[in-house]
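Enquirer: Quick one: the structure is below, and I'll ask about it shortly.
The values are calculated or read from the model by the stated rules, or taken from the named source; none is laboratory data. These numbers come from a predicted model, not from an experiment. When we count neighbours, we look across all protein chains shown, and the Cβ atoms used for this are built from the backbone with ideal geometry, even at glycine.
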Amino acid sequence: MRPLLGVLVVGAAWACSVGPRVENLEPAREPAGATIVLRLRHGSPNQVTGELLAVQDSGLLVHDPVRILFVANRAVKSGTLLARGAGASFSGKPVGGTRERLRLLSRYPGGVSAGLLSNLLAAYGRDSVETVR
């Protein structure tokens, strides 16, 4: 009985030290969403880099240094999420587990309501969201 108890105690202690750690996951330490780099199918510029604000069914809401952009799924050639400890890469529209990872690492994983979007635009001094198709 004692050896079994010893194994359980050691196993429990070991389990507490395995897995992702908060200090290695940037979005867990900061209020911002993860940085995302999107390569676009066409247009100029052909790349968007910024904070991932939210994942929507039809595209991604991104804050680059100057604008708030809605990047439609059909405009995305490929993308890379730059989150230390939880990065992801994808081609075209993010789907499945990759889409869920993006959603969870965005600043607003529950989505952006019309009221919240209005507040964001005001906070960043913008009148509207720019759309990339």
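Enquirer: May I ask you to list the residues in the range 95-133 that are polar (S, T, N, Q), over 16 Å from Ala72 (Cβ atoms) and under 19 Å from the mean Cα position of the chain (by Cα)? Explain how you work it out, then say what you get.
Expert: First, pick out the residues of the range 95-133 that are polar (S, T, N, Q): 98, 106, 113, 118-119, 128, 131.
Now drop any that are not over 16 Å from Ala72 (Cβ atoms), which leaves 98, 106, 113, 118-119.
Answer for the range 95-133, where residues must be polar (S, T, N, Q), over 16 Å from Ala72 (Cβ atoms) and under 19 Å from the mean Cα position of the chain (by Cα): Thr98, Ser106, Ser113.
Enquirer: What about Leu69, is it of a type in the set (A, V, I, L, M), in contact (Cβ under 8 Å) with a residue 12 or more places away in the chain and either out of contact with any helix residue (DSSP H, G or I) (no Cβ under 9 Å at 6 or more places or on another chain) or over 20 Å from Gly111 (Cβ atoms) (or both)?
Expert: Details: of a type in the set (A, V, I, L, M): yes; in contact (Cβ under 8 Å) with a residue 12 or more places away in the chain: yes; either out of contact with any helix residue (DSSP H, G or I) (no Cβ under 9 Å at 6 or more places or on another chain) or over 20 Å from Gly111 (Cβ atoms) (or both): yes.
Answer is yes for this residue.
Enquirer: Given the structure, is Arg103 at pLDDT below 70 and charged (D, E, K, R)?
Expert: Working: at pLDDT below 70: no; charged (D, E, K, R): yes.
No: the conditions fail for Arg103.
Enquirer: What's the total number of residues in the range 88-127 that are touching a helix residue (DSSP H, G or I) at 6+ places or on another chain (Cβ under 9 Å), touching a residue at least 40 places away in the same chain (Cβ under 8 Å) and more than 16 Å from Gln56 (Cβ to Cβ)?
Expert: 1
So that you can scan it fast, the table gives a plain yes or no per residue for (1) under 15 Å from Glu130 (Cβ atoms); (2) modelled with pLDDT under 95; (3) of a type in the set (A, V, I, L, M, F, W, C):
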| residue | (1), (2), (3) |
| --- | --- |
| Ala12 | no, yes, yes |
| Cys16 | no, yes, yes |
| Glu23 | no, yes, no |
| Gly43 | yes, yes, no |
| Thr49 | yes, no, no |
| Leu60 | yes, no, yes |
| Leu69 | yes, no, yes |
| Ala72 | yes, no, yes |
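Enquirer: Consider the range 59-113. How many of its residues are of a type in the set (S, T, N, Q) and out of contact with any Phe, Trp or Tyr (no Cβ under 9 Å at 6 or more places or on another chain)? Steps first, please.
Expert: From the range 59-113, those of a type in the set (S, T, N, Q) are 73, 78, 80, 89, 91, 98, 106, 113; that's our starting set.
Add one more test, that the residue is out of contact with any Phe, Trp or Tyr (no Cβ under 9 Å at 6 or more places or on another chain), and what stays is 73, 89, 91, 106, 113.
Here the count works out to 5.
Enquirer: Among the residues of the range 83-100, what is the count of those that are at pLDDT below 90 and surrounded by fewer than 17 Cβ atoms within 10 Å (Cβ to Cβ)?
Expert: Number satisfying all stated conditions: 3.
Enquirer: Do you know which of the residues in the range 58-94 that are more than 24 Å from Tyr124 (Cα to Cα) and in a loop (DSSP other than H, G, I, E, B) is farthest from the chain's Cα centre (by Cα)?
Expert: Filtering the range 58-94 for residues that are more than 24 Å from Tyr124 (Cα to Cα) and in a loop (DSSP other than H, G, I, E, B), the one farthest from the chain's Cα centre (by Cα) comes out as Gly92.
Enquirer: Return the only residue of Ala54, Ala114 being in contact with a strand residue (DSSP E or B) (Cβ under 9 Å, 6 or more places away or on another chain), at pLDDT 95 or above and more than 15 Å from Val37 (Cβ to Cβ).
Expert: Details: Ala114 fails: in contact with a strand residue (DSSP E or B) (Cβ under 9 Å, 6 or more places away or on another chain).
Within the list Ala54, Ala114, the selection yields Ala54.
Enquirer: Test Ser78 against the criterion of being hydroxyl-bearing (Ser, Thr, Tyr) and modelled with pLDDT under 95, and give yes or no.
Expert: Values: hydroxyl-bearing (Ser, Thr, Tyr): yes; modelled with pLDDT under 95: no.
No: the conditions fail for Ser78.
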